[in-house]
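Readers should treat all values here as calculations from the given coordinates under stated rules, not as data from a laboratory. From a predicted model like this one, the values you see are computed outputs, not experimental measurements. As a convention, Cβ positions derive from the backbone with ideal geometry for all residues, glycine included, and neighbour counts pool all protein chains shown.
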Amino acid sequence: MAADHTRAPVLEALVAYHRQGRLAFSPPGHKQARGADPHVREVLGDAVFLGDVLASGGLDDRLTRGRVLERAEELMADAVHADHTFFSTCGSSLSVKAAMLSVAGPHEKLLIGRDAHKSVVSGLILSGIEPVWVEPRWDPERHLAHPPSAENFAKAFEVHPDAKGALVTTPTPYGACADLRAIADVCHARSRPLIVDEAWGAHLPFHPDLPSWAMDAGADICVTSIHKMGSGLEQGSVFHLQGDLVPPELLQMRADLLGTTSPSVLLYAGLDGWRRQMALHGEELMGGALELAAEVRAAIEQIDGMHVNGREDFCGPGLADDFDPLPGVIDISELGISGFQAADWLHEHRAMDMHLNDHRRIGAQITHGDDRTTTGELLDALKDLARAAPGLPPAPRMEVPGPEGLRMAQGLLPRDAFFGPAEQVPVSKAGGRVAAEMITPYPPGIPAVLPGERLTEPVLRYLTSGLEAGMNLPDATDPKLKTIRVVTREAE
């Protein structure tokens, strides 16, 4: 029987809940907004509280006999060509950990692209999985990492045939994509599963002009953040499964180990509504977003000092395999200011926030939620930025090393370094020591330092000069980076 994508089980159950006038003597304690602080109600509106009900014993009955969530997940799986889909209200940070734990366990190996998000590293710390790092494809001219190639994964499997599977991140926050079909073939030739961290790819299944998405490319598990490029609420995430290399009950069990027992029905409703919206209107909405993005990209190219990175910049021999134009990454290095300065100026002077920033770029993300009104404001603000740039201080000098300078040797397992005996040492004395913490420029959230890596001077100079230039390092134990947490000499 064909799936009926006009239905939205979670939303329909919420309507029924209110129509029946249910009275709850259970959490949430605000009791349908009646107990909420009046000022909070004024800011958030009562709709937020009215949608905040228990998932079981509220939205569904005590034994979930209505299968509300299951039916919503089945519809999502059908919409994106997966065998199974699981909703998560803890973001893709939880989903990717569940995926990792379903493929490998403590002291087992997993091939992972070194451009992985910090949530992947957190998964390594919690699980004790041994990472086998697969090198990204570095663009030394633009100081940017693209996803690893299928060839690099094949070479890693040759050296580590006992690896339990592989994990690749694509698209990157910059829109660069891997050849997932080729990487999946490399894994499946060895009967190993492929996990794809596709947090930035919620929109990909819904238009033929977008890069291929993980399930259509043959991946086994795919993790997607619906809140990034979709219409879900923050923390709304799904993970999809296909094939027989990872049993669905095992993936569910691993997710249950990490997930909350008090999931937000509000987030479920956002996921359910997004699926219905895309199943019914996705190609039209994504087509409109692509047309709008093309117009915006062309207009930005006409602004002196700005260049929108495109396929010709990111794709080619030794670079990415495919490209998503919607992140709208703008190189502003010719303006003589940094992406940090540009983001701060736009935030302060034009009440506008960018989706990423680094030492030479800002990202102006375009989605189906934009129109010519919002993009017109963006273009006006960028023109104002270009006019204001000569009056801003010159971009502070950042010492950005090449790929050989960014890679550090893994001295200990991430878990052993993170939980083992450690001490704070001056950053000037940290070279050669084994890191006991994670240090992550954010955005985009790809750690420059992992627990267990042996610190090098180029990376330390990159971080200290970056901090002085405006880089955000939210997870460093010393926010000023005067000291760094390292493994004690005796434990190295």
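For a quick protection proxy, order the peptides 433-441, 464-472 by their average other-Cβ count within 10 Å, most packed first.
433-441, 464-472
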Based on the alpha-carbon gyration tensor of segment 219-313, what equivalent-ellipsoid semi-axes (square roots of 5 times the eigenvalues) come out, in whole Å, largest first? 35, 17, 14
Ratio of the Cα radius of gyration of the chain to 2.2 N^0.38 Å, where N counts its residues: 1.00
Given labels modelled 7 Å from the Cα in the Cβ direction, how far is it in nm from E249 to D46? 4.6
Tell me the relative contact order for the chain as a rounded percent, counting alpha carbon contacts under 8 Å between residues six or more apart. 14
For a quick protection proxy, order the peptides 356-365, 300-309, 66-75 by their average other-Cβ count within 10 Å, most packed first. 356-365, 66-75, 300-309
Share of antiparallel DSSP beta bridges in the chain, in percent to the nearest 5? 65
So what is the calculated 222 nm ellipticity per residue for the chain, using -39500 (n - 2.57) for each DSSP H run with n of 4 or more, over all residues, to the nearest 500 deg cm²/dmol? -11500 deg cm²/dmol
Over segment 118-173, what relative contact order in percent results from Cα pairs under 8 Å that are six or more residues apart? 25
Ascending count of other beta-carbon atoms within 10 Å, so fewest first, for S88, S225: S225, S88
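State the antiparallel share, in %, of DSSP beta bridges confined to segment 99-249, rounding to the nearest 5.
So the antiparallel bridges in segment 99-249 amount to around 35 percent.
Take the cross-link list K118/K482; K383/K480; K118/K155 and give me the ones stretching past 30 Å between alpha-carbons.
K383/K480
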Fewest-first ranking of C90, C187, using other Cβ atoms within 10 Å as the exposure measure: C90, C187
Equivalent ellipsoid semi-axes - Cα gyration tensor, segment 65-269, angstrom: 26, 19, 16
